[in-house]
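Notes to accompany the following structure.
The values are calculated or read from the model by the stated rules, or taken from the named source; none is laboratory data. Remember, it's a predicted structure, so these values are computed and weren't measured experimentally. So basically every Cβ, Gly included, is an ideal-geometry build from the backbone, and we count neighbours across all protein chains shown.
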């Protein structure tokens with residue numbers, strides 16, 4: 001029974017992924033905006049993110065002769081499959097690299113070439129922030145990387161990370177829009193953040209930034225990394241907080257006059273699609289907070305109030321305490337299995353729990369997430385691994401792999417954050 005439920009849970013997950021198809025959603029948005037009629041001069045397509053190829057393909061198909069291949073540029077990660085005949089640059093993810101820095105320079109060069117009457121179609125999807133690193137003057141890529149590592153290990157939220165990154169970059173936080181100001185700008189975004197906040201998606205390269213240098217500096221202090229992060233990072237944020245550097249453009253700034261920003265898809269769309277195919281209860285609240293705590297809470301919930309199907313979406317965080325390998329979805333799944341092993345769910349073989357990232361890659365691993373059942377903890381221990389010690393070491397990947405409980409899908413070509421599925425025959 002558990003194997004059949006595992007297969008069904010994976011199918012439901014893939015339905016959620018399909019609902020976030022970047023090509024279909026982008027094509028529909030372009031037709032709705034009638035961009036063909038608005039294109040008086042050149043149309044430049046600049047796509048960045050894990051769904052860059054699918055979104056770019058849709059733009060080319062809908063715009064047809066209005067866009068030349070030479071005016072199309074897509075920046076994505078190594079695992080993405082190429083779909084189309086246009087220039088594509090590879091970049092590092094989840095950690096930015098020198099290729100991404102070169103890609104950012106190319107995007108900025110193309111932005112500077114556009115004139116009044118031209119149209120820039122900017123296509124943003126999950127991962128864009130890491131894929132397009134453009135350090136501000138005086139800050140090296142290595143400085144940004146180290147600051148990001150320290151913040152991630154401290155459990156910083158996506159909003160906190162973006163407040164810092166936007167003030168260390170020339171493209172984030174509306175920076176790219178400033179460089180495109182001579183042209184008309186239309187941005188279509190496939191959202192990988194739960195509240196679909198344009199300032200957070202891809203660190204908001206064409207969106208107003210409500211955060212300030214003071215906010216970014218406060219994040220370093222609050223997360224305990226102000227004294228350990230690279231000196232150029234701290235000094236830039238301190239200088240900005242003193243008013244010595246130009247702030248990112250805020251809501252109401254004239255630079256946004258006449259621009260268009262549209263969300264073409266997101267996590268809730270996928271979650272609703274998953275619920276529809278299995279008749280599941282869709283949790284109206286997003287999954288947030290520490291992954292291990294969220295997993296334990298869900299396990300206790302289903303133990304005390306059995307139900308046949310449940311789906312939810314969100315984005316948890318992991319405070320790294322050990323040197324193990326894993327991702328937030330894998331840690332959430334392992335936490336669920338450990339908590340389930342303590343209560344009534346341990347005596348039942350009629351349930352499975354899946355937690356996975358819609359991009360097919362959870363953290364710096366080859367797995368989308370984990371899929372566990374009542375026997376997972378026993379299988380981990382039988383394989384000679386202590387699941388509790390693995391959790392403390394943040395080694396959810398190793399523990400789940402020992403039990404055959406990793407979900408591997410490969411890169412999906414989209415990214416709308418994370419989802420979970422619980423199925424039971426109760």
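Go over the candidates 140, 131, 121 one by one and state the one that is farther than 25 Å from residue 186 by Cα and in contact (Cβ under 8 Å) with a residue 24 or more places away in the chain.
Sole residue among the options that is farther than 25 Å from residue 186 by Cα and in contact (Cβ under 8 Å) with a residue 24 or more places away in the chain: 140.
Can you find a residue in the stretch 38-51 that is more than 30 Å from residue 352 (Cα to Cα), in a helix (DSSP H, G or I) and at pLDDT below 95?
Within the stretch 38-51, one or more residues are more than 30 Å from residue 352 (Cα to Cα), in a helix (DSSP H, G or I) and at pLDDT below 95.
Among the candidates 421, 388, which residue alone is on the phi < 0 side of the Ramachandran plot, crowded, with 23+ Cβ neighbours inside 10 Å and not in a loop (DSSP other than H, G, I, E, B)?
It is 421.
Check the stretch 310-329 and report whether any residue there is in a helix (DSSP H, G or I), touching a strand residue (DSSP E or B) at 6+ places or on another chain (Cβ under 9 Å) and farther than 20 Å from residue 362 by Cβ.
So far as the stretch 310-329 goes, no, none of its residues is in a helix (DSSP H, G or I), touching a strand residue (DSSP E or B) at 6+ places or on another chain (Cβ under 9 Å) and farther than 20 Å from residue 362 by Cβ.
Suppose we filter 241, 207, 218 for residues that are modelled with pLDDT of 95 or more and either under 20 Å from residue 152 (Cβ atoms) or surrounded by fewer than 17 Cβ atoms within 10 Å (Cβ to Cβ) (or both); which single one remains?
218 is the lone residue from the list that is modelled with pLDDT of 95 or more and either under 20 Å from residue 152 (Cβ atoms) or surrounded by fewer than 17 Cβ atoms within 10 Å (Cβ to Cβ) (or both).
Pick out the one residue from 126, 173 that is over 22 Å from residue 253 (Cβ atoms) and outside any strand (DSSP E or B).
Of the residues listed, the single one that is over 22 Å from residue 253 (Cβ atoms) and outside any strand (DSSP E or B) is 126.
Out of contact with any helix residue (DSSP H, G or I) (no Cβ under 6 Å at 6 or more places or on another chain), over 27 Å from residue 145 (Cα atoms) and without any contact (Cβ under 8 Å) to a residue 40 or more places away in the chain - does that describe any residue in the stretch 241-249?
No, because not a single residue in the stretch 241-249 is out of contact with any helix residue (DSSP H, G or I) (no Cβ under 6 Å at 6 or more places or on another chain), over 27 Å from residue 145 (Cα atoms) and without any contact (Cβ under 8 Å) to a residue 40 or more places away in the chain.
All but one of (1) buried (at least 21 other Cβ atoms within 10 Å of the Cβ); (2) over 30 Å from residue 29 (Cβ atoms) hold for residue 189; state the number of the condition that does not hold.
Every condition holds for residue 189 apart from (2).
Mind checking whether some residue in the stretch 91-109 is over 29 Å from residue 362 (Cα atoms), touching a residue at least 12 places away in the same chain (Cβ under 8 Å), surrounded by fewer than 17 Cβ atoms within 10 Å (Cβ to Cβ) and out of contact with any strand residue (DSSP E or B) (no Cβ under 9 Å at 6 or more places or on another chain)?
No.
Taking residue 352 and the conditions (1) in a helix (DSSP H, G or I); (2) crowded, with 18+ Cβ neighbours inside 10 Å, which numbered condition does it fall short on, given that it satisfies the others?
If we test residue 352 against (1) in a helix (DSSP H, G or I); (2) crowded, with 18+ Cβ neighbours inside 10 Å, just (1) comes out false.
Name the single residue that is nearest to residue 393 (Cα to Cα) among those in the stretch 288-309 being outside any helix (DSSP H, G or I) and out of contact with any helix residue (DSSP H, G or I) (no Cβ under 7 Å at 6 or more places or on another chain).
Filtering the stretch 288-309 for residues that are outside any helix (DSSP H, G or I) and out of contact with any helix residue (DSSP H, G or I) (no Cβ under 7 Å at 6 or more places or on another chain), the one nearest to residue 393 (Cα to Cα) comes out as 290.
Could you run through the stretch 391-414 and say how many residues are on the phi > 0 side of the Ramachandran plot and surrounded by 23 or more Cβ atoms within 10 Å (Cβ to Cβ)?
Within the stretch 391-414, residues that are on the phi > 0 side of the Ramachandran plot and surrounded by 23 or more Cβ atoms within 10 Å (Cβ to Cβ) number 2.
Against the conditions (1) touching a residue at least 12 places away in the same chain (Cβ under 8 Å); (2) in a loop (DSSP other than H, G, I, E, B), where does residue 236 fall short? Just the number, please.
All conditions are met except number (2).
Quick test for you: out of 333, 280, 303, pick the one residue that is crowded, with 19+ Cβ neighbours inside 10 Å, under 24 Å from residue 377 (Cα atoms) and either assigned by TED's automatic domain parsing to the domain that holds residue 404 or at pLDDT 95 or above (or both).
Testing whether each residue is crowded, with 19+ Cβ neighbours inside 10 Å, under 24 Å from residue 377 (Cα atoms) and either assigned by TED's automatic domain parsing to the domain that holds residue 404 or at pLDDT 95 or above (or both) leaves just 333.
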